[in-house]
Amino acid sequence: MSSAPRVPSTPPDERPKVSIPRLNEMRELGEPIAMVTAYDFPSAQVAEEAGVDIVLVGDSGAMTVLGHDTTVPVGMDEMLMLAAAVRRGLGTAFLVGDMPFGSYENSNEQAIANAQRFVKEAGCDAVKLERGGASVDRARAIVRAGIPVMGHVGLTPQTATALGGYKAQGRTGERAAQIAEDAFALQAVGCFSVVFEAVPAAVTAAIMPRMEVPVIGIGAGRSTDGQVLVFHDLLGIHTGHTARFVKRYADIHGAMVDGVSAYVADVRGGRFPEDSHTYSIDPGELRAFEDYLEQDSLAGTSPWDW
Ligand code: KIV
């Protein structure tokens, strides 16, 4: 866990809205782009207040907030509900909706229709989809329909089984070349940005000079234009295994368990609620009420007319 001092970000109301031209400018100026995932209103508010540039409603929400073992089961309706909540918590950050497994692979028409749902129903600025290959066609189709697309290469969790599991990609010359080809193809069809996940730092660094759009890394080294981490990983909201590339900045799970445990102990020990947590009543009104309760039969005798 980091003990680095908290650097105050520009207050949200003084920050211009993050746009694709602004992201390109950041890339050109060498200003690192900070991206995190978020899945609900409070996590979006936290990201906004911390000055995050890009918020991704990741399909990792399948695991972090819905409790699945992989990202595969989450569907469009669930993603849209999460994304709409995130939208309500954001002001200036650029919002990307992650197209879930099965929402874009079948046809360009399916991909466009579901990308439109992210924009129309959840207010997303852009969508993200995984892989090169057939996804390049889908990305092109969505871009042509007027919706910005972020690509995602390297470890692509929706197809992790085919990649041999959740592990680093591009560790042979041939596999590294495949990642480069996918990234070049995605930028060629108009993706405004590409995520590199779990790619050796040296491979990323070798590809970067040929990239003309902002590249956001997660486990891809320091040469990318920005970094992304999963909200629940970086804040320690969940326990259990995390990937090598995760840096934990807080132990929120521990803090939450401590807080709820203290509440449970207070309830059991009769220490909660205290007087300051209770409501009062005028003594005369209380007396009138007590007189009412003392009557032999209460049925139909209420002196108060509702
Ligand atoms: O779903 C997700 O969280 C992602 C990021 C890891 C980029 O795709």
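Nothing in this text is a laboratory measurement; each read-out follows from the coordinates by a stated rule. The structure displayed is predicted, hence computed values, not measured ones. Cβ: placed from backbone, ideal geometry, glycine included. Neighbour counts: every protein chain shown.
Note on His241 and Ala134: with the Förster distance fixed at 30 Å, the Cβ-Cβ geometry gives a FRET efficiency of about 0.45. Model label sites at Ala188 and Ser280, defined 7 Å from Cα along the beta-carbon direction, differ in position by 7.7 nm. Note that the chain carries a Kirkwood radius of 21.7 Å, evaluated over its alpha carbons pair by pair. Footprinting exposure proxy ranking of Asp251, Asp275, Asp291, fewest other C-beta atoms within 10 angstrom first, gives Asp275, Asp291, Asp251. The simple Förster model, with R0 at 25 Å and r as the Cβ-Cβ distance, assigns Lys167 and Ala50 a FRET efficiency of 0.25.
Work out the FRET efficiency for Glu290 and Val260 from their Cβ-Cβ distance, taking R0 = 45 Å, and round it to the nearest 0.05. Write out the running numbers ahead of the final one.
On the way: r = 37 Å, r/R0 = 0.81.
That gives a FRET efficiency of 0.75.
Percent of C-alpha pairs per 5 Å bin in region 135-223, short distances first: 3, 16, 26, 25, 18, 9, 3, 0. For Tyr249, Tyr263, Tyr104, the sequence from fewest to most other C-beta atoms within 10 Å is Tyr263, Tyr249, Tyr104. Against the chain, whose longest principal axis is taken from its Cα atoms, helix 76-89 shows a tilt of about 70°.
The C-alpha radius of gyration of region 1-153, expressed as a fraction of 2.2 N^0.38 Å, stands at 1.05.
Run the paramagnetic zone check for Ala205: 7 angstrom along Cα to Cβ, then residues of region 145-163 with backbone nitrogen under 20 Å. It comes to 154-155, nothing else. Over the residues of the chain, the helix contribution to mean residue ellipticity at 222 nm works out to -11500 deg cm²/dmol, using -39500 (n - 2.57) for each DSSP H run of at least 4.
With contacts taken as Cα pairs under 8 Å at a separation of at least 6 residues, the chain carries a relative contact order of 14 percent.
Which ordering of Ser276, Ser223, Ser60 is given by a fewest-first count of other beta-carbon atoms within 10 Å? Numbers along the way, then the final one.
On the way: Ser276 5, Ser223 18, Ser60 22.
Sorted ascending by nearby Cβ count, the order is Ser276, Ser223, Ser60.
Cross-link partners for Lys17 among the lysines, with Cα-Cα distance under 22 Å and sequence neighbours closer than 8 places in the same chain left out: Lys120, Lys128.
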